[in-house]
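Shown next, in structure tokens, is the structure this report addresses.
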Amino acid sequence: MTYSHKEPYRSRIKYRTLLNKEGSSKKTYLLILDIKDSNISYNPGDSVAILVENDPRIVDLTINYMKADPTQEIFDRRTNEKTSLKDFLTKKANISKANFNFIKLFDKKFEIDEIKTLITTHHIWDILKLFPKHKVSAQEICENMMPLLPRLYSICSSLKMYPDEMHLLITHVSYELGGIKRNGVATEYLCNLSQVLKTKLPIYIQPSHGFRLTKDLEKPIIMIASGCGVAPFRAFLEERYQTKATGSNWLIFGERNSKTDFYFEDFFKDLEEKNMLRLITAFSRDQEDKIYVQNKLLDNASDIWQWIHLGCSIYICGNLQMGRAVDETLQNIFTQEGNLSKEKSRAFFKSLIKEKRYLKDIY
């Protein structure tokens, strides 16, 4: 069966553990979802879409400032279904971010710049709190909220190694807004609010558009990751291990501190000892001068150039800033190692993209 947004598979968290060690500035969790008897199929590089729920404490706060009854019936125009206000705000509405129409409900005289400021500095309940005497109905408020969208996470396991499980690597997000600590909707739900073995998680597979492990078992691959961007590469390496691929594997991984933030260290070092992985790390805060993956690329410029000429595929996974830095660094390597002009380096870079030998999953 193919699961979808309308008909998801209801999984449960089988196991959840904090991977960071004491003293880390991050909270990154390994979640193992149970997919036994689901017939779910996925490939390394694919993502899972999870239909998350809003924090019940924030839902109650929002209802309070709406001056509404949580059991009140709301008509959902997107699905043409009726549901309680509490259920709508929990499962269907984005209660973190407002839009122009929502803010205009309370004061039509707002200027565009004022609305933009409200959107970036307030959540829904904060905005409602600004208008204690409002007379806007719960139905109208709900109609002007944005939808709560599924969250996508790279799958960090291979079905060939874990046929009944799906592993995810998720960093809990928290931040301050308006002097108040807030949590990321999805990461709070998955890392803290969902109960292991109890809470049902509606999920479906979001196939990768191009970010796929090569089927050529002899092809060398270079994987460049920062933070949770290492997730798909664990799946890649598990798959290559299970299929007895003979192509060389090289992982360049960056995080903050080696003692506290080295995810899957045992697995990667075990592969390294078996001569199945070349492993290079860049822990930015281990020393006074910050070191990133792009610095390690430059340190290994001649080998990078050699691997490219051996026909390797290059995979990058991480945030946008890291992705851009790697793009720029690789082109500098092409100029340096290949004695190419800037224009020819750029052309060579584009040719790797066209040949699908340079693949990115950037968020």
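The values are calculated or read from the model by the stated rules, or taken from the named source; none is laboratory data. The shown structure was predicted, so the numbers you read here are calculated from the model rather than taken from an experiment. With ideal geometry, Cβ positions are generated from the backbone for all residues, glycine too; neighbour counts draw on all protein chains shown. Please note that ligands, DNA and RNA were not included when accessible areas were found on the heavy atoms of the full protein model with its side chains. Shrake-Rupley method; radii C 1.70, N 1.55, O 1.52, S 1.80 Å.
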(message) For the stretch 136-167, give me each residue that is surrounded by fewer than 15 Cβ atoms within 10 Å (Cβ to Cβ) and among the hydrophobic types (A, V, I, L, M, F, W, C).
(response) Leu149, Leu152
(request) Kindly establish whether Thr2 is loosely packed, with under 12 Cβ neighbours inside 10 Å, over 30 Å from Thr214 (Cβ atoms) and polar (S, T, N, Q). (result) no
(message) Restricting to the stretch 77-135, give me the number of residues that are open to solvent by less than 80 Å² (accessible area, probe 1.4 Å), of a type in the set (Lys, Arg) and farther than 24 Å from Leu51 by Cα.
(response) 1
(request) Would you mind stating whether Lys269 is open to solvent by 10 Å² or more (accessible area, probe 1.4 Å), without any contact (Cβ under 8 Å) to a residue 24 or more places away in the chain and not in a strand (DSSP E or B)? (result) yes
(message) For the stretch 105-131, which positions are in contact (Cβ under 8 Å) with a residue 24 or more places away in the chain and assigned to a loop (DSSP other than H, G, I, E, B)?
(response) Leu105, Phe106, Asp107, His122, His123, Leu130, Phe131
(request) Give the residues of the stretch 293-344 that are among the hydroxyl-bearing types (Ser, Thr, Tyr) and buried (at least 19 other Cβ atoms within 10 Å of the Cβ), sorted by residue number. (result) Ser313, Tyr315, Thr329
(request) Can you give me the number of residues within the stretch 17-50 that are open to solvent by less than 10 Å² (accessible area, probe 1.4 Å) and β-branched (Val, Ile, Thr)? (result) 4
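Residue by residue, here is whether (1) at pLDDT 95 or above; (2) out of contact with any Lys or Arg (no Cβ under 9 Å at 6 or more places or on another chain); (3) not β-branched (Val, Ile, Thr) holds:
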position: Phe75; (1), (2), (3): yes, no, yes
position: Glu81; (1), (2), (3): yes, yes, yes
position: Ser84; (1), (2), (3): yes, yes, yes
position: Phe88; (1), (2), (3): yes, yes, yes
position: Lys91; (1), (2), (3): yes, yes, yes
position: Ile95; (1), (2), (3): yes, yes, no
position: Phe110; (1), (2), (3): no, no, yes
position: Asp113; (1), (2), (3): no, yes, yes
(request) Filter the stretch 338-363 down to residues that are free of Cβ contacts under 8 Å to residues at least 12 places away in the same chain and among the hydrophobic types (A, V, I, L, M, F, W, C) and give me whichever is nearest to Glu255 (Cα to Cα). (result) Ile353
(request) Would you check which residues across the stretch 132-142 are outside any loop (DSSP other than H, G, I, E, B), over 16 Å from Lys97 (Cβ atoms) and of a type outside the set (Gly, Ala, Ser) and list them? (result) Gln139, Glu140
(request) Please name all residue pairs, on different chains or six or more residues apart, with Cβ atoms under 7 Å, provided the first residue is in the stretch 323-337 and is more than 15 Å from Lys296 (Cβ to Cβ) and the second residue is open to solvent by less than 40 Å² (accessible area, probe 1.4 Å) and aromatic (Phe, Trp, Tyr). (result) Gln331/Phe349; Phe334/Phe349
(message) Given the criteria open to solvent by 10 Å² or more (accessible area, probe 1.4 Å), over 21 Å from Phe348 (Cα atoms) and out of contact with any strand residue (DSSP E or B) (no Cβ under 9 Å at 6 or more places or on another chain), does Gln287 qualify?
(response) yes
(request) Could you grab the pairs with beta carbons closer than 8 Å, sequence gap of 6+ or different chains, first residue in the stretch 198-219 and touching a residue at least 24 places away in the same chain (Cβ under 8 Å), second one of a type in the set (A, V, I, L, M, F, W, C) and open to solvent by 30 Å² or more (accessible area, probe 1.4 Å)? (result) Thr199/Leu193; Leu201/Leu51; Pro202/Leu51; Ile203/Leu51; Gln206/Leu152
(message) Quick check on this structure: which one of Phe236, Phe211 is modelled with pLDDT of 95 or more, in contact with a strand residue (DSSP E or B) (Cβ under 9 Å, 6 or more places away or on another chain), in a loop (DSSP other than H, G, I, E, B) and within 30 Å of Arg357 (Cα to Cα)?
(response) Phe211
(request) Give the residue that is nearest to the chain's Cα centre (by Cα), with candidates limited to residues of the stretch 345-363 that are in a helix (DSSP H, G or I), surrounded by fewer than 17 Cβ atoms within 10 Å (Cβ to Cβ) and aliphatic (A, V, I, L, M). (result) Ile353
